[in-house]
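Report on one structure; see the data block that follows.
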Amino acid sequence: MKKSTIIVATALTFMLTAGMIKVASLALNYRYNYDDEGDVPYQFYKDSMEYDVLFLGTSHVGCAVYPMQLWHDRGISSYSLATGAASIPSSYHIFKNAIRYHKPKIAMLDTYLVGIAEKVYVRLDTLHYSFDIIPPSWEKYKSLKDLFPNFESRMAYIFSYSLFHNRWKEMTVEKIWDALFHTPISTTKGGPWRDYMGTVASPALVPKTEALLPNNTIGMDYIRAFVSLCRENKIIPILITIPFPASEGCQMEENSVALLAKEQKVSYFNLNKMNVIDWNTDLHDSYSHLNMSGGRKVTDYIGRLLVENYGLTDHRSESAYASWYVDYELYKQKLFDIMCSQTDIKSVLMLCNNSVYTARISVKDGIELDYVIQKLIAQLGDVLVISSEPETPTHDIHLEVYDSETGSLICAKNWGFLSQLEFVYRN
């Protein structure tokens with residue numbers, strides 16, 4: 001056999017093997033659990049849309065900033081690239097790769113976890129949500145090399161087939177076809193939901209401190225790098241802290257970020273100090289995440305901040321953004337499905353704090369509502385019509401939820417404190 005033939009055959013074999021591994025990797029790679037919440041940005045790296053704002057950070061951001069609400073209320077186009085337990089360095093590298101595809105006017109980075117000593121936080125699995133879907137490039141390799149100096153750790157992100165090759169037992173023809181040829185659409189533009197009430201926190205019990213972190217941190221260095229990268233690309237950098245029950249150590253981080261923001265001459269908005277949310281009604285859990293009521297308030301605050309201070313254009317009347325109306329209808333349907341699945345009155349009232357809904361509630365005379373339910377009702381204002389005469393006399397509380405735009409009834413729910421919950425779904 002000729003030497004040239006051997007070389008060609010070897011090259012073809014290598015290319016065929018590499019191609020088969022690539023196809024197998026795509027087919028077996030997880031559609032992560034976050035798919036159900038819509039925050040894995042598969043679509044982001046394939047569409048041609050331009051975004052006004054990119055949001056970066058941990059799940060604090062994902063649970064508190066809703067791009068589709070920004071669109072509906074103010075015509076701002078945005079995408080959340082936040083992911084669970086993201087470190088400042090990993091958020092920086094996600095951003096560095098993202099702006100190769102979309103260059104926003106503004107980049108907003110949450111500074112939670114700025115005090116940790118490692119480049120990558122302990123939950124390495126969450127990085128796969130962000131990095132596995134970034135198309136291969138030299139920039140991506142450099143990012144992974146920086147985050148993972150250890151070659152073996154790095155290879156798990158470069159060569160993800162090594163993690164998922166045993167998954168073939170779970171696969172069906174439909175799943176493989178879907179993985180290879182279907183790009184999931186994020187109905188939320190990267191912002192997941194927390195759809196029920198959590199334990200009420202008591203942040204007022206945590207002593208307040210104005211102390212700083214004792215030393216410079218890796219996170220601070222990457223905030224500086226983030227600011228520099230933004231300025232090199234004519235992007236406005238903004239630092240933010242999403243509300244959460246901050247310990248003394250976290251308050252020290254916030255104080256240090258405020259000082260760093262002055263050093264870098266960038267805006268820093270610490271929402272923990274701005275009374276944006278209500279700790280009684282707006283938490284999904286007691287230690288960090290906001291529910292949809294809290295997210296609505298934070299998103300509304302950020303929307304006003306962006307329009308009033310940065311002059312973003314309202315795109316709702318522009319033909320180039322017509323697809324956002326289609327996406328918003330999908331977003332609404334998802335919200336309606338979530339609303340109709342609830343069985344807890346506090347969660348339902350919490351979800352009503354959304355521009356998508358209006359509601360009517362009637363409470364039987366003599367029924368005493370607890371403090372949190374009263375606050376949930378009070379915060380709805382004009383969104384909620386209150387009647388003293390129950391629509392269904394055999395129940396203590398009757399609630400109807402409507403589409404605020406069409407006026408159509410979405411669902412009706414009845415609660416009897418001495419009887420089992422009755423639920424009626426309405427198309």
Checklist entry - Which condition breaks for L109 when tested against (1) outside any loop (DSSP other than H, G, I, E, B); (2) farther than 18 Å from S59 by Cα? => result (2)
Checklist outcome for this item: Over the range 266-277, the set of residues surrounded by fewer than 18 Cβ atoms within 10 Å (Cβ to Cβ) and in a loop (DSSP other than H, G, I, E, B) is M274, N275
Checklist entry - Does E118 satisfy being modelled with pLDDT of 75 or more and either open to solvent by less than 30 Å² (accessible area, probe 1.4 Å) or under 28 Å from S247 (Cα atoms) (or both)? => result yes
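Here is a check on your reading of the model: is A86 in contact with a strand residue (DSSP E or B) (Cβ under 9 Å, 6 or more places away or on another chain), small (G, A, S) and either surrounded by fewer than 24 Cβ atoms within 10 Å (Cβ to Cβ) or assigned to a loop (DSSP other than H, G, I, E, B) (or both)?
Taking the combined requirement at face value, the residue satisfies it.
Quick grid of which residues meet (1) surrounded by fewer than 17 Cβ atoms within 10 Å (Cβ to Cβ); (2) touching a Lys or Arg at 6+ places or on another chain (Cβ under 7 Å):
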| residue | (1), (2) |
| --- | --- |
| V298 | no, no |
| Y301 | no, no |
| S323 | yes, no |
| Y331 | no, no |
| M339 | no, no |
| N353 | no, yes |
| G381 | yes, no |
| I386 | yes, no |
| L399 | no, yes |
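To keep it simple, each residue is scored yes or no on (1) part of a helix (DSSP H, G or I); (2) at pLDDT below 90; (3) among the small types (G, A, S).
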position: I302; (1), (2), (3): yes, no, no
position: L306; (1), (2), (3): yes, no, no
position: T313; (1), (2), (3): no, no, no
position: S317; (1), (2), (3): no, no, yes
position: V326; (1), (2), (3): yes, no, no
position: Q333; (1), (2), (3): yes, yes, no
position: F336; (1), (2), (3): yes, yes, no
position: M339; (1), (2), (3): yes, yes, no
position: S347; (1), (2), (3): yes, yes, yes
Next on the checklist: Kindly evaluate A359 against the criterion of being open to solvent by less than 20 Å² (accessible area, probe 1.4 Å), on the phi < 0 side of the Ramachandran plot and of a type in the set (A, V, I, L, M, F, W, C).
Outcome noted: yes
Checklist entry - Residue check: is D282 over 17 Å from P67 (Cα atoms), open to solvent by less than 60 Å² (accessible area, probe 1.4 Å) and in contact with a helix residue (DSSP H, G or I) (Cβ under 8 Å, 6 or more places away or on another chain)? => result yes
Checklist entry - Looking at the range 40-89, which of its residues are touching a helix residue (DSSP H, G or I) at 6+ places or on another chain (Cβ under 6 Å), of a type in the set (S, T, Y) and more than 28 Å from L147 (Cα to Cα)? => result Y66
Item to check | Of the criteria (1) touching a Lys or Arg at 6+ places or on another chain (Cβ under 8 Å); (2) in a helix (DSSP H, G or I); (3) within 20 Å of Y92 (Cα to Cα), which one S256 fails | outcome: (1)
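The values are calculated or read from the model by the stated rules, or taken from the named source; none is laboratory data. This is a predicted model, so every value here is computed, not measured. Neighbour counts are summed over all protein chains in view; Cβ atoms, including those assigned to glycine, are modelled from backbone coordinates with ideal geometry. All accessible areas refer to the heavy atoms of the entire protein, side chains included, with ligands and DNA or RNA removed. Shrake-Rupley method; radii C 1.70, N 1.55, O 1.52, S 1.80 Å.
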